[in-house]
Amino acid sequence: MNNIIQMCVLALAAAFCAVALKKYAPETSAVIAVAAAALIALYVLGEFSPLSETIRSLSEGTGIQSAASVLIKTVGICALAGFTSDACRDTGNSSLASKVEFAARITIVISALPLINTVLTTVKDLLNV
């Protein structure tokens, strides 16, 4: 609980500083916003490790390692793409942010292909029985 409070305080402080400096130094304002977002993202990525280990250990007992792997990759891709696209929007590059989001969607589909293949093969086998 303390960690989320610290992240919110950091975000609010950075937002206030960015707004205050936007009129006089817009470049510095954008740097402050992106730096605060990067700090928060680094913290969240550090917290992601125990989550991924828990998902892996739970999946080992059920035999669905590929599904857990896809889930972990998807969460990572979403987090990274979300951070990057938001940073692009903060600096006024909406077009670039849209391209990052599109690339993330394609990457998620590509990473899920083995799982999709397994599901389709299972359905095919069930229909042939």
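The values are calculated or read from the model by the stated rules, or taken from the named source; none is laboratory data. Keep in mind the model is a prediction, meaning the values are calculated, not measured. Because the Cβ atoms are built from the backbone with ideal geometry, glycine has one as well, and the counts that use them run over all protein chains shown. Only protein heavy atoms, including side chains, enter the accessible area calculation; ligands, DNA and RNA are left aside. Shrake-Rupley method; radii C 1.70, N 1.55, O 1.52, S 1.80 Å.
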**OP:** Identify all residues within segment 1-60 that are touching a helix residue (DSSP H, G or I) at 6+ places or on another chain (Cβ under 8 Å) and polar (S, T, N, Q); write none if there are none.
**Re:** Asn3, Thr28, Ser29, Ser52, Ser59
Original post:
If Leu80 satisfies every condition in (1) open to solvent by 80 Å² or more (accessible area, probe 1.4 Å); (2) over 19 Å from the mean Cα position of the chain (by Cα) but one, which is the exception?
Top reply: (2)
**OP:** Give just the number: which of (1) open to solvent by less than 90 Å² (accessible area, probe 1.4 Å); (2) under 22 Å from Ala15 (Cβ atoms); (3) in a helix (DSSP H, G or I) does Ser52 not satisfy?
**Re:** (2)
Original post:
Quick one: how many residues across segment 87-105 are assigned to a helix (DSSP H, G or I) and open to solvent by less than 80 Å² (accessible area, probe 1.4 Å)?
Top reply: 10
**OP:** Residues being assigned to a loop (DSSP other than H, G, I, E, B) and among the charged types (D, E, K, R): count how many of those fall in segment 1-45.
**Re:** 1
Original post:
Looking at (1) open to solvent by less than 60 Å² (accessible area, probe 1.4 Å); (2) modelled with pLDDT under 85; (3) of a type outside the set (Lys, Arg); (4) over 18 Å from the mean Cα position of the chain (by Cα), which is the only condition Ala13 fails?
Top reply: (2)
